[in-house]
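Here's the structure we're looking at; comments come further down.
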Amino acid sequence: MKIATLSERLSLVSYRNQGLSDFQPHIRVDTEICNSVCPHHCTTYVCPANCYTKDEQGLVHFQVEDCIECGTCMYACDQGAVTWEFPHPENGRGVTWNFG
Amino acid sequence: MDDKFDCIVVGAGVAGLSAALTLARNNLKFLLIEKGKFPGSKNVSGGVLWGSDLAKLVPSYWEDPNAGWERFINHRRLTFLDKESSFSIDFKSTHFNSPPYSGVVVLRSRFDRWLADKVEQAIAESDYAMDSFLATNILVEELVEEQGKVVGIRAGNETFYADSVILAEGVNNLLTRQAGLQSSYVPADHILTGVKEVIRFDRKQLEDRFQLNGLSGMSNEFVGYATNGVEGGGFLYTNRDSISLGLVLGLKDLRNKGQTPYDLLNHFKQHPVISDTIRGGEIVEYSAHVVSSGDRRLIPEKLYKPGLLICGEAANLLMNAGRAIQGMDYAMRSGIMAAETVVKAKGKGDFGNSTLKKYQEALDESYVMKDIRNFQDAVELLHDPAIRESIPNLICDFGRNFFQIRNEPTRKARHLFSQSVRRHSSWRELLKIGFKGAKSM
């Protein structure tokens, strides 16, 4: 069986409110904390949807579009940079699992 | 909906649905709120619902051809992996073939929706057929408290009032934290991240490959190579025409070791034994969710306050002590018990501490907390690095030597075993693990 890439995997996820261009992000990340005091930048490798990435300068960036609401970053970040809420059903992103 | 409810249940997962069913059957007026599009749409589990409580909640569920479960378990396997081998403890028995089954595999998006139908039916048959509701697509943002007592919930601009609130919001328990029953930041120490793929097969191919008969199914847990040295293990469960394959990974260890969940899932799938097992399948869903470890220190000290009860994974009721990963059955039992307490509180007209603490007392006396208390040593043992590194390597090394036939004088098994112990571990380490194991069992 072929090994799937993460983007192939995420392409199977049913996200909510895909038509909305201007949705309300349910996770806020204070990347200034990531890029100043955080010694490990762990969200950039523990997130199962790779919502946290590092650029060429080593700076952490966050996007919520691919988030599958697992909760990992809320526990993994021990620097207080992650504010985690559930997406709003009407104007948030987040998932609807087909199998779960 | 101006009138006050007897109870508001937040979250239509296994715990919330079990609570709601119990409330409906006891003729209470309640509101069950789910943030997802439908019950189960936000829920992920491995997942096997262990035990026979489901048969108490939905009698004769196995007679319904459209029931929401996938397969009953009559085949268990625990597999130790090293880089190239697998060594399994395998048990299959017709003893498990007749209902009530001792475990059913579920896919939550389907199972929870089916259980929610039972709730709707129970509401229709209750005295509050027109006044109790299951409401989806509503996000509860806040608990409403008056004079230290929870009196309702707020969702957007609307506030709903009730004598009691049952929180069944799952492991990411923001409202439980808001209520002050758990600290606002929960560290990664006793949290695991699960990643899973649902892999579809032609049904006949699936049944032949896993020796399934009718709706029989298999559960297989893996330790060793699967997690590449990270705390945790792998799982494989058979659904009707797919398998659920995944890993559960200790989050603190994942962070310390700099590893990535989906890369580890690939690592697991590329093991020669796993890759032979999943050949020809097609991935139809990739999902992830955190889960609590079963360490008692994570469970909130108090599971109630005036007007409020918490149950299921919101109360971190989950445990893997090596025999099975139990969580959904704990959710079911605690949801039922929370609802039973609300029924009693309604009878007494008192939703204060003295009545609601009976929930925690009953839970403490149930198998849920008894098991969690009694198997803490086992939970701790499973976190020992030897369990995922030296032990699987030792067992597989012994297997390789024991099962290899050389046409030369054969060494006794005990010599081969000693050799494997020296190569991968030590008698000292084995004694330590053996002692801990004996103590925990």
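So the values come out like this:
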{"quantity": "B:ASN137 within 14 Å of chain A (Cβ to nearest Cβ), assigned to a loop (DSSP other than H, G, I, E, B) and touching a residue at least 40 places away in the same chain (Cβ under 8 Å)", "calculated": "yes"}
{"quantity": "In region B:140-171, the residues that are polar (S, T, N, Q) and either within 11 Å of chain A (Cβ to nearest Cβ) or without any contact (Cβ under 8 Å) to a residue 24 or more places away in the chain (or both)", "calculated": "B:GLN147, B:ASN157, B:THR159"}
{"quantity": "Subset of region B:18-44 (residues that are polar (S, T, N, Q) and either modelled with pLDDT under 95 or more than 20 Å from the chain's Cα centre (by Cα) (or both))", "calculated": "B:THR22, B:ASN26, B:ASN27"}
{"quantity": "Some residue of region B:49-63 being crowded, with 20+ Cβ neighbours inside 10 Å, among the hydrophobic types (A, V, I, L, M, F, W, C) and within 30 Å of B:GLY224 (Cα to Cα)", "calculated": "yes"}
{"quantity": "Elements of type helices (runs of 4 or more DSSP H) in region B:389-441, at least 1 residues being surrounded by 15 or more Cβ atoms within 10 Å (Cβ to Cβ) and among the charged types (D, E, K, R)", "calculated": "B:390-403, B:427-440"}
{"quantity": "Some residue of region B:35-57 being charged (D, E, K, R), closer than 19 Å to B:VAL14 by Cβ, within 14 Å of chain A (Cβ to nearest Cβ) and in contact with a Ser or Thr (Cβ under 7 Å, 6 or more places away or on another chain)", "calculated": "yes"}
{"quantity": "Filter result (under 15 Å from B:THR238 (Cβ atoms) and among the acidic types (Asp, Glu)) within region B:77-105", "calculated": "B:ASP90"}
{"quantity": "Residue in region B:255-273 that is under 22 Å from B:TYR185 (Cα atoms) and either among the hydroxyl-bearing types (Ser, Thr, Tyr) or in contact (Cβ under 8 Å) with a residue 40 or more places away in the chain (or both) present", "calculated": "yes"}
{"quantity": "In region B:172-186, the residues that are within 14 Å of chain A (Cβ to nearest Cβ) and surrounded by 14 or more Cβ atoms within 10 Å (Cβ to Cβ)", "calculated": "B:ASN172, B:ASN173, B:LEU174, B:LEU175, B:THR176, B:ARG177, B:GLN178, B:GLN182, B:VAL186"}
{"quantity": "Test for A:GLY94: is it touching an Asp or Glu at 6+ places or on another chain (Cβ under 6 Å) and touching a residue at least 24 places away in the same chain (Cβ under 8 Å)", "calculated": "yes"}
{"quantity": "Helices (runs of 4 or more DSSP H) (entirely within region B:246-330) containing at least 2 residues that are farther than 20 Å from B:SER86 by Cβ and within 13 Å of chain A (Cβ to nearest Cβ)", "calculated": "B:251-257, B:261-269"}
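Here's the yes/no breakdown for (1) in contact with a helix residue (DSSP H, G or I) (Cβ under 6 Å, 6 or more places away or on another chain); (2) within 11 Å of chain B (Cβ to nearest Cβ):
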residue: A:GLU8; (1), (2): no, yes
residue: A:GLN18; (1), (2): no, no
residue: A:HIS26; (1), (2): no, yes
residue: A:VAL37; (1), (2): no, no
residue: A:THR43; (1), (2): yes, yes
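This table checks each residue for (1) in contact with a Lys or Arg (Cβ under 7 Å, 6 or more places away or on another chain); (2) more than 19 Å from B:CYS7 (Cβ to Cβ).
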| position | (1), (2) |
| --- | --- |
| B:SER102 | no, yes |
| B:TRP114 | no, yes |
| B:LEU134 | no, no |
| B:VAL144 | yes, no |
| B:ILE153 | no, no |
| B:SER164 | no, no |
| B:THR176 | no, no |
| B:SER184 | yes, yes |
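The values are calculated or read from the model by the stated rules, or taken from the named source; none is laboratory data. Predicted, not measured: the structure shown is a model, and the values here were computed from it. We place every Cβ from the backbone using ideal geometry, glycine too, and count neighbours over all the protein chains shown.
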